[in-house]
Each structure stands twice: as structure tokens, then as C-alpha cells.
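Have a look at the structure below, then the notes.
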Amino acid sequence: MSHRILIVEDQPDICKLVRMTLEFGDFEIHEAHDGESGLNMARAIVPTVMLLDVMMPGLLDGFQVCSRIKQDPVLRRIQVVMLTARGQATDLAAGEAAGADAYLVKPFSPLELIERVEAMAAAATPM
């Protein structure tokens, strides 16, 4: 069974790297490039796992998107991985407060990324 993965990342190179890393798995991959479009796409496709950058252009940052996902009864089962260069303790605490299920700091290991996403997808409750 193919799981939907939503990558929400404004940096084209990082988005491409994440997509190429995950293309080896049995995933249906979707992309958005800012918080608002990421939230709208999450509502449209209801992914199993959402890889979410923190710092993005527009009205919503990654923490705000994550918080809205986790407060929505339809979307709250989405597994959210914050994928960001912000790795201070305060950033991790903000991710936890927003409801993130995992936090990977850039630069990340592609192997760690695929292992994390595969494990989260395997453990996900069917939508």
C-alpha cells in the first residue's frame, strides 16, 4: 500500500533532495512550497506523513501549520515531522508544543529521513 507523503519546503534544492530520497520507498509524494498551500494540500490529500519546514515565506510558518493540523479532527492523525535548520532547545520545545511527532535538524541524513518516514508510515492509523 502506498502512503501519501506531503513535503512542505520552500527551498527547491532541499525539496528535491527529500523527494529523491523518498522516491525509493512505496510513497505517493506531493509538494507544497509555503505554509498556506501546505495546509490546503494537507486538507485535500490527507497525507500519512507531512515533512514540514519551519521557516517559510507567507502568513504561516511550520509551527503554525503543525498546530492547525493537530487541532483539526480530520487531520490530526497526520504524522508531522518538522524538518528545519532550527535545532535549538527552544525550537524543539516549540515543535513539541505545536504537536510535531518528530523533529529532524538540517543537514539531515537521507538514511535517517527514510527510516523515520517508513517507520511512521508503517505505524500510522489508517485515515
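In the chain, Cα pairs under 8 Å separated by at least six residues give a relative contact order of 24 percent.
Each principal axis of the chain carries a Cα extent, and these read 35, 32, 23 Å when sorted largest first. For segment 39-127, which whole percent of the accessible surface, found with a 1.4 angstrom probe, sits on carbon and sulfur atoms? Percent of accessible area from carbon and sulfur atoms in segment 39-127: 55. Rolling a 1.4 Å probe across all protein chains gives Ile78 an accessible area of roughly 0 Å². Once you divide the Cα radius of gyration of segment 1-58 by 2.2 N^0.38 Å, the number left is 1.05. Among the DSSP helices (H) of the chain, those spanning at least 18 angstrom by Cα along their long axis with an average Kyte-Doolittle hydropathy of 0.5 or more are 110-123; this is a geometric and hydropathy rule only.
For the chain, the solvent-accessible area of protein heavy atoms averages 50 Å² per residue (probe radius 1.4 Å; ligands and nucleic acids excluded). Considering only Cα atoms, the convex hull volume of segment 49-88 works out to 71 Å³ per residue.
The values are calculated or read from the model by the stated rules, or taken from the named source; none is laboratory data. The structure displayed is predicted, hence computed values, not measured ones. When the accessible area is computed, the model is the full protein with side chains, heavy atoms only, and any ligands, DNA or RNA have been set aside. Shrake-Rupley method; radii C 1.70, N 1.55, O 1.52, S 1.80 Å.
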